[in-house]
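> Have a look at this one before I ask anything.
The values are calculated or read from the model by the stated rules, or taken from the named source; none is laboratory data. The model shown is predicted, which means the values in this text are computed figures rather than measured ones. Don't worry about glycine lacking a Cβ; one is built from the backbone with ideal geometry, like all the others, and counts go over all protein chains shown. Only protein heavy atoms, including side chains, enter the accessible area calculation; ligands, DNA and RNA are left aside. Shrake-Rupley method; radii C 1.70, N 1.55, O 1.52, S 1.80 Å.
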Amino acid sequence: MSRVSFFLLAGLLSGGSLLAADYPVRPVPFTAVTLTAGLWHARQETNCRITLPFALQQCAVSKRIDNFDLAAETMQRRTAGETHFQNVPATKFPFDDSDVFKALEGAAYCLSLQPDPEVQKRVDGFTARIAAAQEPDGYLYTFRTMHPDSPVNSRMDAQRWLKDSQASHELYNIAHLYEAGVAHAQADPASILLDVCLKNAELLQRDFGDGQPQIAPGHPGIEMALAKLYRQTADRRWLGLAKFFLDARGFSNNPYNQNHKPVIQQREAVGHAVRANYLYSGMADVAALAGDPRYLEAITAIWEDVVGSKLHLTGGCGALADGEAYGAAYELPHQCYNETCAAVGFLLWNQRMFLMTGDGKYMDVFERTLHNGFLSGVSLSGDRFFYPNPLAYDGKEAFNHDHAGRAPWFGCACCPPNVLRTMASLGGSVYATQADRLYVNLYASSVARVDIQGSSVKIEQKTDYPWDGTISLAVDPSQPIPFTLCVRIPHWVRGRPLPSDLYTYDDPTPAAWSVSVNGKSLAVELKNGYATIDRTWQAGDAVTVRLPMPPRRVMANPRVAAARGQIALERGPIVYCLEGIDNGGSVFDCVVPVGATVVPVRKPALLGGVVVLEIADAQRLSATPDGQETQRMMPAVAVPYAFWNNRGLTPMTVWVHASTESHGR
Ligand code: FUB
Ligand code: ZN
């Protein structure tokens with residue numbers, strides 16, 4: 001038995017975590033949760049059926065996978081005596097390896113949900129090619145291995161790791177390798193990918209284990225990945241390395257990659273947003289696994305900074321294209337960047353904050369990003385992607401890395417496989433447990449098997465969320481057991497978009513949400529954002545949660561210059577936008593005044609089945625030739641933001657004028 005399997009088995013037999021410290025709340029793994037119907041079921045199905053083979057294909061067509069062959073060839077030919085042989089990369093960026101690893105990680109998740117021999121064959125083929133590109137001492141980085149005598153790309157140094165703090169991405173690549181390796185070990189005990197990872201991690205231990213050289217990873221990710229490796233193997237060296245890489249930061253005055261201060265002293269979100277969100281997620285992992293609260297203190301303050309002043313209404317972050325970065329406080333332009341990967345990183349970070357604290361506000365924010373700024377990253381068809389996710393579009397500009405509208409792939413293709421792996425493992429964010437508590441965090445029709453203090457509980461959720469706020473939960477324990485069911489009551493139902501004053505509803509009256517058990521309405525207490533129900537649960541118990549979803553008019557904090565005099569529309573967790581196609585071709589002239597009637601209408605045949613908002617008494621502004629402003633009544637239709645640009649190129653805006661006086665601001 002390999003060392004890894006031994007640890008895994010030991011972990012399973014002991015019925016829990018092998019680790020000295022861990023998150024107090026544990027997610028119910030996605031493998032124990034089946035999405036059965038509705039929005040996320042449909043998207044997950046498209047993800048595995050279309051996005052996965054498409055991403056694997058793109059890794060081949062774009063020649064990313066060829067780089068592994070080129071690296072292997074160089075090693076073979078040199079070993080055979082051609083001592084000067086070298087290859088040049090088939091692609092542009094040294095971090096292109098990471099896209100293959102991410103696609104493989106997504107493949108492992110899809111294969112865990114639904115075996116597919118065809119995909120498995122391709123995955124095994126990729127894995128073998130990756131393994132063949134690994135140097136004998138464990139190093140894996142195709143751009144160097146295929147061209148070992150001198151740097152083949154200016155991002156690299158002649159010496160390994162030395163330019164990682166700048167741009168080589170050696171540690172970033174292997175971070176994604178480890179994520180994939182662990183995913184494959186869990187999906188398929190016969191996979192050799194984790195062995196490749198461990199051989200590489202041993203090299204890291206040899207190269208960095210004594211605390212030298214102090215290299216702050218230029219693109220974080222390795223911290224989370226090492227934490228995952230530690231969780232998988234219970235080998236504390238990987239946690240030690242994760243902590244080492246966190247603590248190596250702060251010596252270069254470089255906010256772009258969060259290297260301007262030691263991480264425990266950081267209090268604001270700065271720099272490249274994907275790097276930032278991955279770093280904060282890694283800090284959460286090390287805080288939990290090493291039991292060190294200083295990291296948590298830092299990321300709690302940074303989270304407040306983001307949610308208080310740097311988050312778009314869609315839950316997208318990293319507003320600036322320049323540096324793909326967080327802007328200053330309240331710098332939230334409509335034509336923003338909001339990279340899809342930043343949304344993925346924000347989801348990872350928010351889930352970890354919840355696991356650490358059991359506070360539902362983090363899952364409220366998670367839900368907002370998931371349903372809006374993340375979901376917008378992929379088309380309904382599953383094979384077209386946004387890299388940036390702006391809140392306004394003129395219908396023409398090639399804003400999406402030289403594409404107008406969603407694109408099949410990118411030269412820098414970090415986003416598509418990030419969508420793939422996130423969507424495939426989404427079931428892991430629906431439920432969580434802590435001792436005798438079961439949290440219901442996301443609303444999506446699903447069946448889950450949950451372990452609560454050694455007892456198995458089946459929980460079946462039925463809902464048409466996010467289009468309807470009624471959720472039925474059938475609780476079915478194998479024998480009667482007492483536990484507390486914690487049902488998340490989102491901020492939006494309680495009259496606030498977010499747990500901050502960044503956005504407000506013009507009518508902040510909380511909606512009359514309710515919870516009933518077996519038909520009896522309960523006066524439940526709200527604790528940390530959850531309605532908590534304490535009882536001894538028996539087979540056949542039925543819970544109904546009602547979260548009314550009135551359409552809401554949202555205003556931004558006046559310090560958000562871009563949205564002054566404007567409003568946006570929401571309903572439930574969904575942020576809406578206007579597209580030209582539904583609105584006579586133009587959207588920027590639309591006014592939705594106070595008191596306008598906004599009517600939700602279910603459209604089963606539109607965009608895979610959505611609720612649109614119809615505003616019969618919307619106004620349109622225009623200017624007469626002599627510059628006078630005129631207005632006329634013209635109905636408007638708003639569609640869910642995440643679904644925009646699925647019907648061709650057309651202007652789009654999330655924010656519209658709040659009154660006929662606001663035009664031109
Ligand atoms: O640097 C690797 C990836 O490429 C980043 O995460 C993305 O933002 C893109 O720059
Ligand atoms: Zn990306």
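> Restricting attention to the range 273-287, does a residue exist that is without any contact (Cβ under 8 Å) to a residue 24 or more places away in the chain, open to solvent by 10 Å² or more (accessible area, probe 1.4 Å) and not hydrophobic (A, V, I, L, M, F, W, C)? If you could, list the steps in order and put the result at the bottom.
So the first thing to find is which residues in the range 273-287 are without any contact (Cβ under 8 Å) to a residue 24 or more places away in the chain, and the list is none.
For the range 273-287, residues without any contact (Cβ under 8 Å) to a residue 24 or more places away in the chain, open to solvent by 10 Å² or more (accessible area, probe 1.4 Å) and not hydrophobic (A, V, I, L, M, F, W, C): absent.
> Which one of THR127, THR142 is touching a Pro at 6+ places or on another chain (Cβ under 9 Å), open to solvent by less than 20 Å² (accessible area, probe 1.4 Å) and not charged (D, E, K, R)? Give the derivation first.
Numbers: THR127 fails: touching a Pro at 6+ places or on another chain (Cβ under 9 Å).
Answer to the check: THR142.
> I would also like to ask the following. Test THR79 against the stated conditions and say whether it is under 27 Å from LEU204 (Cβ atoms), in the same structural domain as GLN159 (by TED's automatic domain parsing) and of a type in the set (Val, Ile, Thr). Explain how you work it out, then say what you get.
Numbers: under 27 Å from LEU204 (Cβ atoms): yes; in the same structural domain as GLN159 (by TED's automatic domain parsing): yes; of a type in the set (Val, Ile, Thr): yes.
So THR79 passes the test.
> Moving on to the next point. May I ask you to say which residue of GLN479, GLN461 is surrounded by fewer than 17 Cβ atoms within 10 Å (Cβ to Cβ), touching a strand residue (DSSP E or B) at 6+ places or on another chain (Cβ under 7 Å) and not acidic (Asp, Glu)?
Of the residues listed, the single one that is surrounded by fewer than 17 Cβ atoms within 10 Å (Cβ to Cβ), touching a strand residue (DSSP E or B) at 6+ places or on another chain (Cβ under 7 Å) and not acidic (Asp, Glu) is GLN479.
> Which of (1) closer than 24 Å to PRO600 by Cβ; (2) surrounded by fewer than 24 Cβ atoms within 10 Å (Cβ to Cβ); (3) touching a helix residue (DSSP H, G or I) at 6+ places or on another chain (Cβ under 9 Å) is the odd one out, the single condition PRO466 does not satisfy?
Result: PRO466 passes all but (2).
> I'd like to check something: does the range 200-214 contain any residue that is under 28 Å from the mean Cα position of the chain (by Cα), closer than 24 Å to ASP66 by Cβ and either among the aromatic types (Phe, Trp, Tyr) or open to solvent by 10 Å² or more (accessible area, probe 1.4 Å) (or both)?
So the first thing to find is which residues in the range 200-214 are under 28 Å from the mean Cα position of the chain (by Cα), and the list is 200-201, 204.
Filter once more, keeping what is closer than 24 Å to ASP66 by Cβ: 200.
With either among the aromatic types (Phe, Trp, Tyr) or open to solvent by 10 Å² or more (accessible area, probe 1.4 Å) (or both) added as a condition, the list becomes none.
Checked against the condition, which is being under 28 Å from the mean Cα position of the chain (by Cα), closer than 24 Å to ASP66 by Cβ and either among the aromatic types (Phe, Trp, Tyr) or open to solvent by 10 Å² or more (accessible area, probe 1.4 Å) (or both), the range 200-214 yields no hits at all.
> Filter the range 312-322 for residues that are open to solvent by less than 30 Å² (accessible area, probe 1.4 Å) and part of a loop (DSSP other than H, G, I, E, B) and give the result. Spell out the reasoning first.
Start the filter on the range 312-322 by keeping residues that are open to solvent by less than 30 Å² (accessible area, probe 1.4 Å), which leaves 312-319.
Within the range 312-322, HIS312, LEU313, THR314, GLY315, GLY316, GLY318, ALA319 qualify.
Okay, residues lined up against (1) modelled with pLDDT under 95; (2) out of contact with any helix residue (DSSP H, G or I) (no Cβ under 6 Å at 6 or more places or on another chain); (3) more than 30 Å from LEU649 (Cβ to Cβ); (4) of a type in the set (Lys, Arg):
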| site | (1), (2), (3), (4) |
| --- | --- |
| LYS520 | no, yes, yes, yes |
| VAL524 | yes, yes, yes, no |
| GLY529 | no, no, yes, no |
| MET555 | no, yes, no, no |
| VAL560 | no, yes, no, no |
| GLY565 | no, yes, no, no |
| ALA568 | no, yes, no, no |
| GLY572 | no, yes, no, no |
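> Please enumerate the residues belonging to the range 325-338 that are farther than 21 Å from TRP644 by Cβ and out of contact with any Ser or Thr (no Cβ under 8 Å at 6 or more places or on another chain).
Taking the range 325-338 and keeping what is farther than 21 Å from TRP644 by Cβ, we get 325-331.
Result: ALA325, TYR326, GLY327, ALA328, GLU331.
> Quick check: is even one residue across the range 335-347 outside any helix (DSSP H, G or I), at negative phi, within 16 Å of ligand 2 (Cβ to nearest atom) and more than 15 Å from the chain's Cα centre (by Cα)? Steps first, please.
Taking the range 335-347 and keeping what is outside any helix (DSSP H, G or I), we get 335-339.
In the following step, the residues that additionally are at negative phi were identified as 335-337, 339.
Then keep just the ones that are within 16 Å of ligand 2 (Cβ to nearest atom); that gives 336-337, 339.
So of that shortlist, the ones also more than 15 Å from the chain's Cα centre (by Cα) come out as 336-337.
So far as the range 335-347 goes, yes, one or more of its residues are outside any helix (DSSP H, G or I), at negative phi, within 16 Å of ligand 2 (Cβ to nearest atom) and more than 15 Å from the chain's Cα centre (by Cα).
> Would you mind stating whether VAL33 is of a type in the set (A, V, I, L, M, F, W, C) and in contact with a strand residue (DSSP E or B) (Cβ under 7 Å, 6 or more places away or on another chain)?
Numbers: of a type in the set (A, V, I, L, M, F, W, C): yes; in contact with a strand residue (DSSP E or B) (Cβ under 7 Å, 6 or more places away or on another chain): yes.
The answer is yes for VAL33.
> Please find, within the range 233-250, the residue that is nearest to ligand 2 (Cβ to nearest atom) out of those that are more than 20 Å from ALA167 (Cα to Cα) and open to solvent by 50 Å² or more (accessible area, probe 1.4 Å).
Here the residue is LYS243.
> Please indicate, with yes or no, whether at least one residue in the range 184-199 is more than 16 Å from ligand 1 (Cβ to nearest atom), under 26 Å from the mean Cα position of the chain (by Cα) and not assigned by TED's automatic domain parsing to the domain that holds LEU162.
No: the range 184-199 contains no residue that is more than 16 Å from ligand 1 (Cβ to nearest atom), under 26 Å from the mean Cα position of the chain (by Cα) and not assigned by TED's automatic domain parsing to the domain that holds LEU162.
> Examine the range 152-164 for a residue that is within 29 Å of the chain's Cα centre (by Cα), open to solvent by less than 50 Å² (accessible area, probe 1.4 Å) and polar (S, T, N, Q), and state whether such a residue exists.
no
> Across the range 394-444, what is the total count of residues that are among the basic types (Lys, Arg) and within 16 Å of ligand 2 (Cβ to nearest atom)? First the steps, then the outcome.
If we filter the range 394-444 for residues that are among the basic types (Lys, Arg), which is where we start, we get 396, 406, 421, 437.
Restricting the remaining residues to those that are within 16 Å of ligand 2 (Cβ to nearest atom) gives 406, 421.
Of the residues in that region, 2 qualify.
> Scan the range 409-428 and give yes if some residue there is more than 16 Å from ligand 1 (Cβ to nearest atom) and at positive phi, otherwise no.
Going residue by residue through the range 409-428, those that are more than 16 Å from ligand 1 (Cβ to nearest atom) are 423-428.
Those still in the list that are at positive phi too: none.
No, that holds for no residue.
Residues are listed down the side, and each one gets a yes or a no for (1) farther than 16 Å from GLY345 by Cα; (2) touching a helix residue (DSSP H, G or I) at 6+ places or on another chain (Cβ under 7 Å); (3) of a type in the set (Lys, Arg); (4) in the same structural domain as VAL656 (by TED's automatic domain parsing):
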| position | (1), (2), (3), (4) |
| --- | --- |
| MET224 | no, yes, no, no |
| PHE244 | yes, yes, no, no |
| ARG249 | yes, yes, yes, no |
| SER252 | yes, no, no, no |
| ASN259 | yes, no, no, no |
| ILE264 | yes, yes, no, no |
| TYR280 | no, yes, no, no |
| MET283 | no, yes, no, no |
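> Follow-up question, since we're still on this one. Report, by residue number, each residue of the range 52-109 that is more than 23 Å from the chain's Cα centre (by Cα) and aliphatic (A, V, I, L, M).
ALA60, VAL61, ILE65, LEU70, ALA71, ALA72, MET75, ALA80, VAL88, ALA90
Residue-by-condition table, conditions (1) open to solvent by 10 Å² or more (accessible area, probe 1.4 Å); (2) touching a Phe, Trp or Tyr at 6+ places or on another chain (Cβ under 6 Å); (3) within 30 Å of VAL61 (Cα to Cα):
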position	(1), (2), (3)
MET423	no, no, yes
ALA435	yes, no, no
VAL457	no, no, no
THR470	yes, no, no
LEU473	no, no, no
CYS486	no, yes, no
ARG494	yes, no, no
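> Filter the range 64-107 down to residues that are charged (D, E, K, R) and farther than 12 Å from ALA413 by Cα and give me whichever is surrounded by the fewest Cβ atoms within 10 Å (Cβ to Cβ).
Initially, the range 64-107 is screened for residues charged (D, E, K, R), giving 64, 66, 69, 73, 77-78, 82, 92, 96-97, 99, 102, 105.
Now narrow it down to the ones that are farther than 12 Å from ALA413 by Cα: 66, 69, 73, 77-78, 82, 105.
Details: ASP66: 18, ASP69: 17, GLU73: 17, ARG77: 15, ARG78: 14, GLU82: 11, GLU105: 28.
Residue satisfying both the conditions and the ranking: GLU82.
> Of the conditions (1) on the phi < 0 side of the Ramachandran plot; (2) surrounded by fewer than 19 Cβ atoms within 10 Å (Cβ to Cβ), ASN253 satisfies every one except a single condition; which number is it?
(1)
Results for (1) in a loop (DSSP other than H, G, I, E, B); (2) touching a residue at least 40 places away in the same chain (Cβ under 8 Å); (3) in contact with a His (Cβ under 8 Å, 6 or more places away or on another chain); (4) surrounded by 17 or more Cβ atoms within 10 Å (Cβ to Cβ), shown as yes or no for each residue.
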residue: VAL587; (1), (2), (3), (4): yes, yes, no, yes
residue: GLY608; (1), (2), (3), (4): yes, yes, no, no
residue: VAL611; (1), (2), (3), (4): no, yes, no, yes
residue: PRO625; (1), (2), (3), (4): yes, no, no, no
residue: ALA638; (1), (2), (3), (4): no, yes, no, yes
residue: ASN646; (1), (2), (3), (4): yes, yes, no, yes
residue: LEU649; (1), (2), (3), (4): yes, yes, no, no
residue: THR660; (1), (2), (3), (4): yes, yes, no, no
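> Moving on. Could you tell me how many of the residues in the range 395-411 are open to solvent by 60 Å² or more (accessible area, probe 1.4 Å) and either among the acidic types (Asp, Glu) or more than 23 Å from the chain's Cα centre (by Cα) (or both)? Don't jump to the end; show me each part of the working.
Step one: of the range 395-411, the residues open to solvent by 60 Å² or more (accessible area, probe 1.4 Å) are 396-397, 401-403.
Those left that are additionally either among the acidic types (Asp, Glu) or more than 23 Å from the chain's Cα centre (by Cα) (or both): 396-397, 402.
Result for the range 395-411: 3.
> Within the range 293-330, can you find the residues that are acidic (Asp, Glu) and in contact (Cβ under 8 Å) with a residue 12 or more places away in the chain? Don't jump to the end; show me each part of the working.
Taking the range 293-330 first, the residues acidic (Asp, Glu) are 297, 304-305, 322, 324.
Result: GLU297, GLU304, ASP305, GLU324.
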